[in-house]
Amino acid sequence: MKIRQMPTAATTTGFQILAVNQNTGGDFEVTRINPQLIADLATQGGVTGIPASVYSARKTAGVTLFSATVFPSGFQAVNFVNSERTVGSTAVFSDIDNTYIVPSTGVYKINYTFRYGRGLFGQTVTAGVGIVRTRNAVSTLIDSRNFMSETIGNNMTVAIAQETLDALYPLQAGDKISFGVTNAANLDSSNFNVSTANFNISKVSN
C-alpha cells in the first residue's frame, strides 16, 4: 500500500489510528487502533483501571521527620509508608526512603498538605511545607511555602500551622519525590505526634 497525500485531522473524534502489527508470523498486518488506547498507554503504562502514576497517602498519626545528606539545608521529610496509601500501587512508592518514584517522564499534578500540631502557633515561626525532587543523587527543593501568620490587635501574633502546595511539575522517570517540612529545626518535635499530612500525585501530560 502506498499513500502519497493525507489530510490533517483537527480532532481524533471518529478517527482510528493505523498501526503495523509486527507479529511473529511476519505478515506485518495493518490494524486499526482507537486513539484513546494510545492516551491510556501514555498515562497508565498500558494497564487498565487506575493509571500507574496515581498515588495518594494520608498520615493521621505517628508523624516523624527525617533528614538525609542529599536534602537541601533545613528540609526534613515525612515518614510516609505504603501502608498509608489510599489509592495507587505499591510499585511507585518506596518504604526504604519514603519517596514516590516517578514511573514515566511528563507533567505531574501534586497536592501536598501538612498540619503541624493542632494547626496554630502562638507566635511567628519560620518554617513551612516543601517538596523535594531527587534526581541522580542530587536533591532540589522544587516548591515550598512558609506557614502564614497574622497579627491580631497590637501585640498578638497567631500563625496558621497548616499549608498546602498544589501545582504542576515537570518530572523525569526515576525521579524521587519527598514530602516534608522546611526549616524543621524551628519546630518543637513533641508536636509531631499530633500532626497530620497527606499528598496525592498523578501524571496529567507527557
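The values are calculated or read from the model by the stated rules, or taken from the named source; none is laboratory data. All figures in this text were calculated on a predicted structure; none of them were measured in a lab. Every residue, glycine among them, receives a Cβ derived from its backbone with ideal geometry; neighbour counts consider all protein chains shown. We work out accessible area using only protein heavy atoms, side chains counted, and drop any ligands, DNA or RNA first. Shrake-Rupley method; radii C 1.70, N 1.55, O 1.52, S 1.80 Å.
For V20 and V204, calculate 0.36 nm times their separation in residues minus their Cα-Cα distance, and state this gained length in nm to one decimal.
Numbers: separation 184, 0.36 × 184 = 66.24 nm, distance 2.76 nm.
Separation in residues times 0.36 nm, less the Cα-Cα distance, equals 63.5 nm.
On a C-alpha basis, how far is the centre of the range 167-206 from the centre of the range 57-97 in Å? Whole number, if you could?
8
Taking H as built 1.01 Å from N, whose amide H comes closer than 5 Å to the amide H of S195, not counting residues under 5 places away?
V63, G117
Along each principal axis of its Cα atoms, how long is the range 158-200 end to end? Whole angstroms, biggest number first, please.
38, 19, 17
Just the number: Rg to Rh for the range 63-111, Cα atoms, Kirkwood Rh, two decimals. Walk me through the numbers before you get to the answer.
Numbers: Rg = 12.2 Å, Rh = 12.4 Å.
With Rg and the Kirkwood Rh in hand, the quotient comes to 0.98.
In the Gaussian network model of the chain, springs joining C-alpha atoms below 10 Å, which of T140, T90, T24 carries the largest mean-square fluctuation?
In this elastic network of the chain, the residue with the biggest mean-square fluctuation among T140, T90, T24 is T24.
Place +1 on the Cβ of every Lys and Arg and -1 on the Cβ of every Asp and Glu in the chain, take the dipole about the Cα centre, and give the residue among I177, G106, Y55 whose Cα lies farthest towards its positive end.
The one lying farthest along the dipole's positive direction is G106.
When the expected Rg is taken as 2.2 N^0.38 Å, what fraction or multiple of it is the alpha-carbon Rg of the chain? Intermediate values should be presented prior to the final figure.
Working: Rg = 22.7 Å, N = 206, 2.2 N^0.38 = 16.7 Å.
In units of the globular-protein estimate, the chain measures up at 1.36.
First measure r as the distance between the Cβ atoms of N191 and T12, then evaluate 1/(1 + (r/R0)^6) with R0 = 45 Å and state the FRET efficiency to the nearest 0.05.
Using R0 = 45 Å, I get an efficiency of 0.30.
Would you check the accessible area of V81, probe 1.4 Å, heavy atoms only, in square angstrom rounded to 10?
40
When the Karplus curve 6.51 cos²θ - 1.76 cosθ + 1.60 is applied with θ = phi - 60°, which whole-Hz ³J(HN,Hα) does each residue of the range 75-89 get, with x for Gly and Pro?
So the Karplus estimates, Gly and Pro as x, are 8, 10, 9, 7, 7, 4, 9, 4, 5, 9, 5, 10, 8, x, 9 Hz.
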